[in-house]
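The values are calculated or read from the model by the stated rules, or taken from the named source; none is laboratory data. Predicted, not measured: the structure shown is a model, and the values here were computed from it. No Cβ is skipped: glycine too gets one built from the backbone with ideal geometry, and neighbour counts run over all protein chains shown.
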Amino acid sequence: MAREPIKLADALRRRFFSGLHLGLLRPGSRLPSVRDLATEMSIDRRVVLRAYRELEREGLVELRERSGIYFGSRTPGLPGLSPPAEWATDVVTRGLAMGIPAPEFPTRFNSFLSTVRLRALCIECNRDQLTSLCTEMTSDYGFEAEGADVDELLLEGPPREELRRADLLVTTQFHAGEVRELAARVDRPWIAVSLRTDIYKEIARLLGSSEVFFVVTDHRYAAKLHRIFEPVKGGSGFHSVVMGRDDVTAIPDGAPTYITRAARPKLGDQRLLERVTPEERVFSETSAREIISLMIGSNMHALSQQDRP
Amino acid sequence: MSFSENAAARKLRITSELSQRVSSGLHLGLLRYGDRLPSTRALAREFDSDPRVVLAAYRALEEKGVVELRPRSGIYVAQPEDAGIPVPFQRMDWLIDILEQGMSFGVPPHRFAEHMLRSVETLRLRATVIECNDDQIYSVSEELIGDYGLEVTRVDIAELESGETLPAEARRADCVVTTVAHAAAARDCAARLGVPALVLSMCDDLFAEVHRQLAFRPVYFVVTDPRFEKKLAGFFQGADGSDHLRILVHGRDDLSVIPHDAPAYLTRLTRAQLPSLPLLERIIPEARVFNSASSRLVMEFVVSANLAALRGRADRGGLAGERRR
């Protein structure tokens with residue numbers, strides 16, 4: 001009697017392993033109840049239970065109270081993953097499922113992003129937005145980027161050199177019409193990025209209860225901002241401060257203050273620098289997706305050309 | 001020359017049989033794009049047919065883009081569609097989605113590859129692999145090394161049971177890896193080392209396929225360690241057609257007894273020891289063995305260890321005492 005549970009445990013262990021390998025059992029599958037096994041094997045239930053307990057000690061099965069007996073134990077495994085770790089894990093695991101070993105994944109993936117270095121020409125009507133567009137195209141997407149003033153490009157004459165050397169024209173929706181026309185002239189793809197609206201919404205909200213200051217470098221951007229906030233309730237409380245023209249020290253302490261990427265490095269006032277809200281990414285998710293598609297598409301095309309004999 | 005009607009019918013049958021084999025091989029992970037396929041001569045023997053008929057079947061498959069005939073070299077599983085682009089990446093949506101998600105975690109596309117590289121290769125991680133036979137120790141280890149970039153110390157469970165102390169290298173492990181059969185021993189060992197135990201489940205496709213075939217014909221396995229022979233026999237014990245199972249041990253049994261038309265499976269270890277056997281041409285090598293949940297578990301371990309190390313570095317403002325590549 002004393003040896004019986006061990007023997008039964010052996011038999012069950014063999015049976016479960018075989019089921020596992022044949023795909024009949026998976027971790028988490030429900031196993032026959034003590035009663036069913038006892039009936040099937042014509043043995044005492046207590047003997048079956050003892051065998052199951054033995055397997056439970058080995059971590060092979062799990063007895064869940066008032067629920068049943070399950071194959072495999074819940075992996076004590078690893079502490080919970082942070083969302084970025086979860087994402088990275090998913091990405092590399094899917095890569096592996098597609099046949100790419102994890103150590104090779106980054107390089108293989110990268111060839112779809114940086115086989116060709118693409119050149120973007122950002123087109124806008126003011127230096128502040130040109131700087132934002134160029135910075136984002138370079139630091140986030142790895143483009144070579146240069147900026148050009150929309151009015152200058154539209155001048156009569158043959159297309160300017162920077163238009164002809166660009167792989168992509170980038171502008172905002174304000175100048176979509178003009179850039180579409182320019183793109184047609186040189187036969188280049190173009191994109192009118194939509195900008196994230198969170199910063200504008202936040203300023204509009206703040207204007208309801210306080211004055212808001214915005215430090216820029218180009219008076220044309222200042223004028224544009226005024227047009228945006230004029231109709232807003234409290235819009236008269238919106239003040240643009242153009243570097244080199246206006247006095248930044250006139251900004252009251254404690255007033256919400258924003259600054260463009262172009263203006264930030266020029267701001268000498270350390271005290272103000274510490275409390276201004278810097279500009280974050282400006283492209284909306286939809287635009288990000290468009291730019292990424294174009295990058296991957298161009299790289300894939302370049303790769304398929306390379307491999308052609 | 002033109003085939004008689006009989007030959008044309010045979011060509012069709014062989015074409016469909018080969019097409020089926022390639023597609024199920026790819027599906028099961030037993031074949032990969034670019035793998036070499038059996039020669040027309042070998043297949044002609046197997047199908048008891050004229051090599052020219054087999055060649056015609058291969059040509060038909062070449063037209064469909066399933067195989068590629070390289071003159072004076074052999075016949076290979078073809079890359080589908082555009083040869084310039086590796087298959088996984090033909091799904092552009094997938095790439096875009098990944099990059100878009102990455103941006104929401106503050107990883108711009110331009111930094112993506114670098115971020116992934118750090119997530120998997122900041123640390124050189126070491127696994128102690130515990131198994132009860134050389135074949136499985138080898139296949140688990142090779143997969144950890146090749147697919148996950150881990151370093152591996154192999155431990156035979158017999159050494160653990162005999163009370164021998166673990167080799168120093170095994171004690172320096174960052175994790176202990178085993179299969180379900182040795183979960184308890186591995187957890188025990190991991191607890192002593194103070195590292196996680198990763199208990200892996202194997203992909204059941206191969207065994208399910210073998211099980212299906214056993215119902216109507218003999219299936220051969222070639223292994224290296226007689227202990228795996230015994231274990232393997234146990235998996236199929238009592239299953240339908242288990243009397244069709246033939247397990248040969250390399251070095252002990254005569255491999256030439258394997259009939260030409262029988263499916264034959266080779267463990268990775270056996271294959272590594274038989275670099276140029278003509279038999280290999282038509283034998284199916286063991287491919288990846290971890291199932292998808294286990295694959296994710298190992299990857300979780302790799303990524304979380306690396307990201308934790310990166311965070312630690314950032315906290316200390318430098319590299320201290322870490323084993324780096």
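Scanning region B:247-285 for residues that are among the basic types (K, R) and modelled with pLDDT under 65 turns up just one, B:R282.
Inside region B:111-153, residues that are farther than 28 Å from A:M98 by Cβ and of a type outside the set (S, T, N, Q) make up a count of 3. Among residues of region A:244-256 that are in a loop (DSSP other than H, G, I, E, B), those with a Cβ under 6 angstrom from a residue that is surrounded by 10 or more Cβ atoms within 10 Å (Cβ to Cβ), sequence gap 6+ or separate chain, pair up as A:I251/A:F213; A:I251/A:T257; A:A255/A:E211; A:A255/A:F213; A:P256/A:L206; A:P256/A:V212.
Of all the listed residues (A:E136, A:E152, A:E181), the sole one being under 22 Å from B:P109 (Cβ atoms) and part of a helix (DSSP H, G or I) is A:E136. For the residues B:G234, B:G321, the requirement of being more than 21 Å from the chain's Cα centre (by Cα) and either among the hydroxyl-bearing types (S, T, Y) or modelled with pLDDT under 80 (or both) singles out B:G321. Screening A:S304, A:S236 for residues that are surrounded by fewer than 20 Cβ atoms within 10 Å (Cβ to Cβ) and either within 11 Å of another protein chain (Cβ to nearest Cβ) or in contact with a Cys (Cβ under 6 Å, 6 or more places away or on another chain) (or both) leaves exactly one candidate, A:S304. Residues that are more than 14 Å from every other protein chain (Cβ to nearest Cβ) and surrounded by 15 or more Cβ atoms within 10 Å (Cβ to Cβ) do occur in region A:274-286, at least one of them.
Reported count of residues in region B:178-221, each being away from chain A (no Cβ under 12 Å) and under 22 Å from B:S304 (Cβ atoms), is 4.
Results for (1) in a loop (DSSP other than H, G, I, E, B); (2) free of Cβ contacts under 8 Å to residues at least 40 places away in the same chain, shown as yes or no for each residue.
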residue	(1), (2)
A:D10	no, yes
A:L20	no, no
A:Y52	no, no
A:G59	yes, yes
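Within region A:184-200, does at least one residue satisfy the condition of being crowded, with 19+ Cβ neighbours inside 10 Å, under 18 Å from A:T277 (Cβ atoms) and under 32 Å from the mean Cα position of the chain (by Cα)? Among the residues of region A:184-200, not one is crowded, with 19+ Cβ neighbours inside 10 Å, under 18 Å from A:T277 (Cβ atoms) and under 32 Å from the mean Cα position of the chain (by Cα), which makes the answer no. If you go through region B:88-139 and keep only what is under 23 Å from the mean Cα position of the chain (by Cα), in contact (Cβ under 8 Å) with a residue 12 or more places away in the chain and at the interface with chain A (Cβ under 7 Å from one of its Cβ atoms), you end up with B:V120, B:E121. Within region A:278-288, the set of residues being within 15 Å of B:H110 (Cβ to Cβ) and in a helix (DSSP H, G or I) comprises just one member, A:A288.
Could you tell me whether region B:158-176 includes any residue that is in a strand (DSSP E or B) and of a type in the set (A, V, I, L, M, F, W, C)? Within region B:158-176, one or more residues are in a strand (DSSP E or B) and of a type in the set (A, V, I, L, M, F, W, C). Exactly one residue out of A:D151, A:D128, A:D140 is touching a Phe, Trp or Tyr at 6+ places or on another chain (Cβ under 7 Å), assigned by TED's automatic domain parsing to the domain that holds A:I292 and on the phi < 0 side of the Ramachandran plot: that is A:D128. Can you spot a residue in region A:159-169 that is under 21 Å from A:T286 (Cβ atoms), touching a residue at least 60 places away in the same chain (Cβ under 8 Å) and crowded, with 19+ Cβ neighbours inside 10 Å? Yes, some residue in region A:159-169 is under 21 Å from A:T286 (Cβ atoms), touching a residue at least 60 places away in the same chain (Cβ under 8 Å) and crowded, with 19+ Cβ neighbours inside 10 Å. The residues listed here are A:R35, A:R108; of these, the one that is within 11 Å of another protein chain (Cβ to nearest Cβ), among the charged types (D, E, K, R) and part of a helix (DSSP H, G or I) is A:R108. Looking at region B:194-221, which of the residues that are free of Cβ contacts under 8 Å to residues at least 24 places away in the same chain and over 19 Å from the mean Cα position of the chain (by Cα) is nearest to B:I157 (Cα to Cα)? In this case the residue turns out to be B:A197. Of the listed requirements (1) of a type outside the set (A, V, I, L, M); (2) in contact (Cβ under 8 Å) with a residue 40 or more places away in the chain; (3) in a helix (DSSP H, G or I), A:C122 misses just one: (3).
Exactly one residue among B:A42, B:A9, B:A56 is at pLDDT below 85 and either assigned to a helix (DSSP H, G or I) or exposed (fewer than 14 other Cβ atoms within 10 Å of the Cβ) (or both), and that residue is B:A9. Considering region A:257-273, and only residues there that are touching a strand residue (DSSP E or B) at 6+ places or on another chain (Cβ under 6 Å) and crowded, with 20+ Cβ neighbours inside 10 Å, the residue that is farthest from the other protein chains (Cβ to nearest Cβ) turns out to be A:T257. Residue check: is A:E65 free of Cβ contacts under 8 Å to residues at least 40 places away in the same chain and either within 14 Å of chain B (Cβ to nearest Cβ) or aromatic (F, W, Y) (or both)? Answer is no for this residue. Scanning region A:258-286 for residues that are among the charged types (D, E, K, R) and within 30 Å of B:I98 (Cβ to Cβ) yields a count of 5. For the subset of region A:196-243 comprising residues that are among the acidic types (D, E) and touching a residue at least 40 places away in the same chain (Cβ under 8 Å), which member is nearest to A:S287 (Cα to Cα)? For region A:196-243, the residue satisfying everything is A:D218.
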